[in-house]
Amino acid sequence: MSGRLVIAGLGPGAEGLVTPQVAAALAGASDVVGYIPYVARVAPRPGLTLHATDNRVELDRAAHALEMAAAGRQVVVVSSGDPGVFAMASAVFEALETGPAEWQALQIEVLPGITAMLAAAARAGAPLGHDFCAINLSDNLKPWALIEKRLRLAAEADLAMAFYNPRSASRPEGFARALDVLREACGDARPVIFARAVSTPEEQILTVPLTEARPEMADMRTVVILGNSATRILRRPGGDIVYTPRSVPA
Ligand code: SAH
């Protein structure tokens, strides 16, 4: 059988949010490759080899997956959420671009998944109902100055924003600085949603005005959504709803 490489998104956590396409790809896989906690979400079975690696070696992991596919294996690279959102799909194509000739003819397919911001937005209501952007707040792969520039320009464009990788033990200061920049650039009390471990048993959703947002409200399992200037909160007995209207008056 000729080898094949599938790059699949496992969604935010809940089994019901794994697409049938991704479930079918996993059922037909000989090898699953990915970061340890994501590979742990794939059920072991005879004939399936699980290759769980540390997150810091994305390109090595991608090359390993391409090598196995070139050797005839049915390889699935897994990411959480969607594999094209701050995840493995780009890493695989980066490795492919500079890789050996035998990789170039490989059959490669990307299968989408439900990304964290969409799962979080659905829990909160519809905060991304108008124009929005997604920004990775980790400065592992880009300079911090670029992050700040993008935050200011997104605020100037009045986009709602979703923030991935907001805060980690190795970067405790970055998110505090991001909040300062946003408070200065937005200058209002628009809602901020801290959505942690969405769709898992540890899920926590907290909505506060930007003026009251604190760095400790986020960790690496949190996606943060900031509304635009029109985002509002509907107070209801069953729980508040945060939404952004579909239209902007002329
Ligand atoms: N490819 C993933 C994102 C990888 S970056 C996706 O599409 O969702 C990792 C970041 O995603 C985390 O730091 C966090 O900001 C966010 N994230 C992933 N799963 C999450 C979940 N279940 N709940 C909240 N945020 C999540």
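State whether one or more residues within region 163-185 are hydrophobic (A, V, I, L, M, F, W, C) and within 22 Å of Ala122 (Cα to Cα). Among the residues of region 163-185, at least one is hydrophobic (A, V, I, L, M, F, W, C) and within 22 Å of Ala122 (Cα to Cα), which makes the answer yes.
None of Leu48, Leu26, Leu96 is outside the structural domain of Met220 (by TED's automatic domain parsing), touching a helix residue (DSSP H, G or I) at 6+ places or on another chain (Cβ under 8 Å) and either of a type in the set (A, V, I, L, M) or surrounded by 19 or more Cβ atoms within 10 Å (Cβ to Cβ) (or both) except Leu96.
The set of residues in region 158-184 being of a type in the set (A, V, I, L, M) and in contact with an Asp or Glu (Cβ under 8 Å, 6 or more places away or on another chain) consists of Leu159, Ala160, Ala178, Val181. Taking Thr53 as the residue in question, decide whether it is in contact with an Asp or Glu (Cβ under 7 Å, 6 or more places away or on another chain) and farther than 19 Å from Asp82 by Cβ. No: the conditions fail for Thr53. With respect to (1) at pLDDT below 95; (2) in contact with a helix residue (DSSP H, G or I) (Cβ under 6 Å, 6 or more places away or on another chain), the lone exception for Leu141 is condition (2).
The residues of region 64-101 that are part of a helix (DSSP H, G or I) and either closer than 28 Å to Glu15 by Cα or within 16 Å of the ligand (Cβ to nearest atom) (or both), listed by number, are His64, Ala65, Leu66, Met68, Ala69, Met88, Ala89, Ser90, Ala91, Val92, Phe93, Glu94.
Could you identify the single residue in Thr222, Thr207 that is among the hydroxyl-bearing types (Ser, Thr, Tyr) and more than 22 Å from Ile147 (Cβ to Cβ)? Reasoning before the result, please.
Numbers: Thr222 fails: more than 22 Å from Ile147 (Cβ to Cβ).
Answer to the selection: Thr207.
The values are calculated or read from the model by the stated rules, or taken from the named source; none is laboratory data. Here the structure is a predicted model, which is why all the values come from computation and not from measurement. Counting neighbours? That spans all protein chains shown, and the Cβs are built from the backbone with ideal geometry, glycine included.
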